[in-house]
Amino acid sequence: MRRLVRGLVGLVVAVVLLLLAARAFFGGGARLEDRTSDPAIPASAIEQVAALDYPPGNIAVSTAGRVFLTLHPDGK
């Protein structure tokens, strides 16, 4: 029984030390200032090129106007 208690205390100490090390390494999480700005193009210039059932990922448009995207099977 005594071994079990020491093991649990050791585990708790290890987890606390790991969390403290992560906070020291990654920082405290200060909030960024507001960086929003006006859109680069007006809403009237946007054209719908596909009507999809699920949201796409990794959208890219080539200089020739071709649209590339990925569809994830679990993206519901």
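What follows draws every value from the coordinates through simple rules; no lab data is involved. None of these values were measured; they are calculated from a predicted model. Positions of Cβ are backbone-derived with ideal geometry, glycine not excepted, and every protein chain shown enters the neighbour counts.
Restricting attention to region 33-60, the residues that are surrounded by fewer than 10 Cβ atoms within 10 Å (Cβ to Cβ) and either of a type in the set (Val, Ile, Thr) or in a helix (DSSP H, G or I) (or both) add up to 6.
Hey, does region 12-32 have a residue that's free of Cβ contacts under 8 Å to residues at least 60 places away in the same chain, assigned to a loop (DSSP other than H, G, I, E, B) and over 21 Å from the mean Cα position of the chain (by Cα)? Step through it out loud before you land on a result.
Here is the first cut: in region 12-32, the ones free of Cβ contacts under 8 Å to residues at least 60 places away in the same chain are 12-32.
Still in the running and assigned to a loop (DSSP other than H, G, I, E, B): 27-32.
Among the residues that remain, those that are also over 21 Å from the mean Cα position of the chain (by Cα) are: none.
The answer is no; no qualifying residue exists.
Val9 meets all of the listed conditions (1) surrounded by fewer than 10 Cβ atoms within 10 Å (Cβ to Cβ); (2) over 24 Å from the mean Cα position of the chain (by Cα); (3) aliphatic (A, V, I, L, M) but one, namely (1).
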